[in-house]
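Reviewing the structure listed below.
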Amino acid sequence: MKWFRRGLEIIGAVALLGLAVLGVLVIRDRSARVNTAGQQDGLFILNWGGITTNQDYKVIKSYRSPTSFTGDHLDSYCIQLSRFDVSDTARSEWHDGPERNPLLAEALELGINDASQRTDCFPSVQQANSGGMKIMFWSVVMHSRQPTAADILLYDPMSRRLYYVSYKT
């Protein structure tokens, strides 16, 4: 019986340790991450935009909200680029602003407004949807003709900044 008791003690200790680790992971995922993104964290944005990664670039500001059980989130990045070289396959995905489609313009406005509330590096909605900005809509999800989720990239040639916002409500 002594071995049985020892086995139960070990199982109990492992279970408590597992619960503690799970608790730490849940708490960590429930807190926003502000300006913690490094160069590697911004790499996927350059890849999505078809922008060369063989350059000097720096994540200036970032915000990653906790993701809810249903996937609701807000992520935003401001990246300083040394150049804006787009691959031939991605070139057709980028277009000069302003966005003429009212549904896409609304998706852009929602994303920029939310990102601007969390970080101070984003342009205003008027600047983001202007002729001076290059825009790429990676994805937009609509519900009853209302944007509910989007992944949007913007590039400002004047400042050489790449902006990324991803949201789901």
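Return the residues of region 91-112 that are assigned to a helix (DSSP H, G or I) and at pLDDT 95 or above; say none if nothing qualifies.
Across region 91-112, the qualifying residues are 102, 103, 104, 105, 106, 107, 108, 109, 110, 111, 112.
Of the residues that make up region 150-157, is at least one at pLDDT 95 or above and not in a strand (DSSP E or B)?
Yes: one or more hits.
Within region 118-138, identify whether any single residue is acidic (Asp, Glu) and buried (at least 20 other Cβ atoms within 10 Å of the Cβ), and answer yes or no.
No, there is no match, as no residue in region 118-138 is acidic (Asp, Glu) and buried (at least 20 other Cβ atoms within 10 Å of the Cβ).
Return the only residue of 145, 91 being closer than 24 Å to residue 56 by Cβ and over 16 Å from the mean Cα position of the chain (by Cα).
91
Being within 21 Å of residue 89 (Cα to Cα), part of a loop (DSSP other than H, G, I, E, B) and of a type in the set (Gly, Ala, Ser) is the filter here, so list the residues in region 41-66 that pass it.
49, 50
Between a first residue in region 102-119 that is of a type in the set (D, E, K, R) and a second residue that is part of a helix (DSSP H, G or I) and surrounded by fewer than 18 Cβ atoms within 10 Å (Cβ to Cβ), which pairs have beta carbons less than 7 Å apart while being 6 or more apart in sequence or on different chains?
So the pair list comes out as 109/125.
Restricting the first residue to region 61-75 and requiring it to be over 12 Å from residue 166 (Cβ atoms), which pairs with a second residue that is not β-branched (Val, Ile, Thr) meet a Cβ separation below 6 Å and a spacing of at least six or different chains?
Short answer, once both residue conditions are applied: 61/35; 61/78; 61/121; 66/29; 66/30.
Residues that are modelled with pLDDT under 80, surrounded by 10 or more Cβ atoms within 10 Å (Cβ to Cβ) and in a helix (DSSP H, G or I): does region 32-40 have at least one?
Looking through region 32-40, none of the residues is modelled with pLDDT under 80, surrounded by 10 or more Cβ atoms within 10 Å (Cβ to Cβ) and in a helix (DSSP H, G or I).
Applying the selection to region 41-64, what residues are among the small types (Gly, Ala, Ser) and surrounded by fewer than 19 Cβ atoms within 10 Å (Cβ to Cβ)?
50
The values are calculated or read from the model by the stated rules, or taken from the named source; none is laboratory data. In this text, all values refer to a predicted model and were calculated from it rather than measured experimentally. Here the Cβ is made from the backbone with ideal geometry for all residues, glycine too, and neighbour counts use every protein chain on show.
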